[in-house]
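Structure first, commentary second.
The values are calculated or read from the model by the stated rules, or taken from the named source; none is laboratory data. If you're wondering where the values come from, they're calculated on a predicted model, not measured in any experiment. Here the Cβ positions follow ideal geometry from the backbone for every residue, glycine too, while neighbour counts run over all protein chains shown. These accessible areas exclude ligands, DNA and RNA; they are computed on the full protein's heavy atoms, side chains included. Shrake-Rupley method; radii C 1.70, N 1.55, O 1.52, S 1.80 Å.
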Amino acid sequence: MSSEDREAQEDELLALASIYDGDEFRKAESVQGGETRIYLDLPQNFKIFVSGNSNECLQNGGFEYTICFLPPLVLNFELPPDYPSSSPPSFTLSGKWLSPTQLSALCKHLDNLWEEHRGSVVLFAWMQFLKEETLAYLNIVSPFELKMGSQKKVQRRTAQASPNTELDFGGAAGSAADQEEAVDERAVQDVESLSSLIQEILDFDQAQQIKCFNSKLFLCSICFCEKLGSECMYFLECRHVYCKACLKDYFEIQIRDGQVQCLNCPEPKCPSVATPGQVKELVETELFARYDRLLLQSTLDLMADVVYCPRPCCQLPVMQEPGCTMGICSSCNFAFCTLCRLTYHGVSPCKVTAEKLMDLRNEYLQADEANKRFLEQRYGKRVIQKALEEMESKEWLEKNSKSCPCCGTPIEKLDGCNKMTCTGCMQYFCWICMGSLSRANPYKHFTDPASPCFNRYVYAILWSQQQFLKR
């Protein structure tokens, strides 16, 4: 590497670190590279939808949501030794809500930007283009249809793609011809399914809205003090804002008096009611348990066919149709299974997340006989048994495996060298330091004198053999 290239790379990375915060730009520790997260500015009242003919559509009709934020595009890059004098940065571009063809179009345009800036640093130009021009370049308008790309088609089209192929995929929904275009191997749609994509977008949008709320100042109408949003809470229906200290005292008095149905907004004549999630955030654990028990009992006494929206940002009551396991929240339009409280999955078996299984297992083991019977009636004995088995499986994995540094897939090493390949994402990584390895030359990690794992390619194997010979 020439001194000019080295200096240009260091200056560029230093400039990016000074311009963007830690959530938007992170410099890699082991290589000349890093990761950037590009958050797009959406037009007001931007809508996303799932068409009624999608393979994974949650119901016969389509669904439409209004959002303010979309998950960021992630640009991972590595700077070669002769950048920027000769070679461009190697990169991958991933996103959850863009199809592989749309991501490929962006990759192609990044290549074109490099050609325009050849000999000069280009990362800032790439990031500016992705942030400011992605929607216009891909002709994305509201409402925007969410789609999933085919992984088989990605592999085949990648092999057939020509370096000079011009990709220009646009449109809010895309067309059939788009799907037949070549897909760049650097384009990654980082999502498992369409149903999980919808939930991830809605949860991310809600988290970002909360982040914006927390940074603003509000006047509490109870104590008449001006406080940051992080110290306040608002009622979802009326949007009236009060400080958490005042609401905490108000909630505790009502719960101790047994008035769990009267946690209304303190504004006179306002009918808005606090959600269970809001109450849980403010009151102590024992007091919330009393609130939850009284609320559940009173609800069951009045209406046995009422469930609550499982989204933490909503949790409004939903009417359940007799003989149907699907509930649709009238507030956020989230369709969920009334048994497992996850995204509606039709006739497929319920899936319970690992976190929920862990909580369920701990709650079951600590419960008395009456509460154990209640949990078995609520979740089913099979789910309880699965929770206990899942915990044993997790404990075994923690003792006998390590997680892939890229995707978190548990990997067990039985024998062989210290260059590992993840069975989930096919990422190379070092078993000793658990660092990700370059796909172009993964063995450089063990042959580079500056590497902490230098000459340790088969270190553990040789050590085991020496210990065996000593016996």
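For the pair residue 305 and residue 417, label points projected 7 Å from Cα toward Cβ lie 6.5 nm apart.
Residue ranges 221-234, 330-343 sort as 330-343, 221-234 when ordered by packing (mean number of other C-beta atoms within 10 Å per residue, highest first).
The residues of the range 217-302 expose, per residue, 58 Å² of accessible area to a 1.4 Å probe. With a simple spin-label model that places each label point 7 Å from the Cα along the Cα-to-Cβ direction, the separation between residue 17 and residue 209 comes to 3.7 nm.
Each other residue within a Cβ distance under 13 Å of residue 400 adds +1 if Lys or Arg and -1 if Asp or Glu, for a net charge of 0. One equal scatterer on each Cα of the range 217-302, no solvent, Debye formula: the resulting log10 I(q)/I(0) at q = 0.11, 0.14, 0.16 Å⁻¹ is -0.29, -0.46, -0.60.
Averaged over residues, the count of other Cβ atoms within 10 Å places the peptides 125-133, 316-324, 242-250 in the sequence 242-250, 125-133, 316-324, highest first. In this structure, the residue pairs whose Cα-Cα separation is over 24 Å, taken from 96/280; 96/444; 108/444; 413/444; 211/280, are 96/280; 96/444; 108/444. Projected label points at residue 370 and residue 259, each 7 Å from Cα along the beta carbon direction, are separated by 2.7 nanometres.
The H on the amide N of residue 437, modeled in the peptide plane, is under 5 Å from the matching H of 428, 429, 430, each at least 5 residues off or on a different chain. For the range 90-102, 3J(HN,Hα) computed residue by residue from phi via the Karplus equation (6.51, -1.76, 1.60; θ = phi - 60°) reads 7, 8, 10, 10, 10, x, 7, 9, 9, 6, x, 5, 5 Hz, glycine and proline entered as x.
The accessible surface of the range 3-149, taken with every protein chain in place and a 1.4 Å probe, is 48 percent carbon and sulfur. Taking 11 Å as the cut-off, the amide N atoms of the range 62-89 that come nearer than this to a point 7 Å along the Cα-to-beta-carbon line of residue 39 belong to 69-72. Close amide H partners of residue 326, meaning residues 5 or more places away or on another chain with modelled amide H under 5 Å apart, are 338. Electrostatic tally near residue 436: other residues with Cβ closer than 14 Å to its Cβ, Lys and Arg +1, Asp and Glu -1, net +2. Under 5 Å between amide hydrogens, built in the peptide plane, is the criterion, and for residue 73 it picks out 38, 40 among residues at least 5 positions away or on other chains.
Answer rounded, prolate or oblate for the range 3-149, using the Cα gyration tensor with square roots of eigenvalues a ≥ b ≥ c: rounded when a/c is under 1.5, else prolate when a/b is larger than b/c, else oblate. It is prolate, given that a/c is not under 1.5 and a/b is the larger ratio. Taking a ≥ b ≥ c as the square roots of the Cα gyration tensor eigenvalues, the range 95-145 comes out prolate, since a/c reaches at least 1.5 and a/b is larger than b/c.
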